[in-house]
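A short worksheet on the structure shown next.
Coordinate-derived values only; no laboratory data. Fair warning: this is a prediction, and the values are worked out from it, not measured in the lab. Cβ coordinates were reconstructed from backbone atoms using ideal geometry, including for glycine residues, and neighbour counts include every protein chain displayed.
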Amino acid sequence: DTEVTQTPKHLVMGMTNKKSLKCEQHMGHRAMYWYKQKAKKPPELMFVYSYEKLSINESVPSRFSPECPNSSLLNLHLHALQPEDSALYLCASSQDPGDRDPGANVLTFGAGSRLTVL
Amino acid sequence: ELKVEQNPLFLSMQEGKNYTIYCNYSTTSDRLYWYRQDPGKSLESLFVLLSNGAVKQEGRLMASLDTKARLSTLHITAAVHDLSATYFCAVLNTDKLIFGTGTRLQVFP
């Protein structure tokens, strides 16, 4: 299995809703990432989990709450979002962020979850 | 703060022509990546460049890295329509992969 699977593919939510995005990989990768991508813009890093621990939080608002239940799963819990949070949310994984082998840092991306906040 | 800039931002080129996309970055890094993104799709890894002078080729695409100039290039040879996509370079900086601004390539007959 060489894929990163994200669900749901599309999500529409109101500003008072609570929802979650899910990401799963079975490649044995030890680092997992959340990126946010607005239309015609590059992906922006949100969070990095390394060995199931949060290692990087790019000053993301608390209405986004990441969770890594185990080494294969990554969730992004959403609460009280704003319309400007509408974007494509990409999950990615890599083999081992601390490994000097450059191949260990090649990120494999999921297909993304397209979020619309009304 | 690391900045990664690409130019051009948009490139419209005729099939069969050659062109180069440039990626400049602002701080030292010994790893540079190129990704491709088709409209509405995810990102696909193309190349990993490790050291000064590194060159990699796959089909009609060739990437190179000059770490002293903090510059990477993606050269397109004899473009075909299937190469139409957005191309991102990305630089690894303290465990963060920071993406360039992206180059949207459109190849027409």
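Quick test for you: out of A:S86, A:S59, A:S50, pick the one residue that is under 17 Å from A:R114 (Cα atoms) and either in contact with a strand residue (DSSP E or B) (Cβ under 6 Å, 6 or more places away or on another chain) or among the hydroxyl-bearing types (S, T, Y) (or both).
Going through A:S86, A:S59, A:S50 in turn, the sole match is A:S86.
Restricting attention to region B:1-33, and to residues there that are within 11 Å of another protein chain (Cβ to nearest Cβ) and assigned to a strand (DSSP E or B), which single residue is surrounded by the most Cβ atoms within 10 Å (Cβ to Cβ)?
B:L32
Looking at region B:34-53, which of its residues are assigned to a loop (DSSP other than H, G, I, E, B) and surrounded by 18 or more Cβ atoms within 10 Å (Cβ to Cβ)?
Listed by number, the list holds a single entry, B:S42.
Go through region A:18-118 and tell me which strands (runs of 3 or more DSSP E), entirely inside it, have 1 or more residues that are within 13 Å of chain B (Cβ to nearest Cβ) and in contact (Cβ under 8 Å) with a residue 12 or more places away in the chain.
Correct list: A:18-25, A:31-37, A:44-50, A:53-57, A:87-94, A:113-117.
So that you can scan it fast, the table gives a plain yes or no per residue for (1) surrounded by fewer than 18 Cβ atoms within 10 Å (Cβ to Cβ); (2) within 11 Å of the chain's Cα centre (by Cα); (3) of a type in the set (G, A, S):
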| site | (1), (2), (3) |
| --- | --- |
| A:K40 | yes, no, no |
| A:Y51 | yes, no, no |
| A:N57 | yes, no, no |
| A:L73 | yes, yes, no |
| A:H79 | yes, no, no |
| A:D101 | yes, no, no |
| A:F109 | no, yes, no |
| A:R114 | yes, no, no |
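If a residue must be touching an Asp or Glu at 6+ places or on another chain (Cβ under 9 Å) and of a type in the set (S, T, N, Q), how many such residues does region A:29-79 contain?
So the count comes out to 7.
Against the condition buried (at least 17 other Cβ atoms within 10 Å of the Cβ), more than 30 Å from A:S55 (Cβ to Cβ), within 10 Å of the chain's Cα centre (by Cα) and more than 11 Å from every other protein chain (Cβ to nearest Cβ), how does B:L61 come out, does it pass?
Yes: the conditions hold for B:L61.
Can you find a residue that is part of a loop (DSSP other than H, G, I, E, B), of a type outside the set (S, T, Y), touching a residue at least 24 places away in the same chain (Cβ under 8 Å) and surrounded by 12 or more Cβ atoms within 10 Å (Cβ to Cβ) anywhere in region B:73-85?
Yes, there is a match, as at least one residue in region B:73-85 is part of a loop (DSSP other than H, G, I, E, B), of a type outside the set (S, T, Y), touching a residue at least 24 places away in the same chain (Cβ under 8 Å) and surrounded by 12 or more Cβ atoms within 10 Å (Cβ to Cβ).
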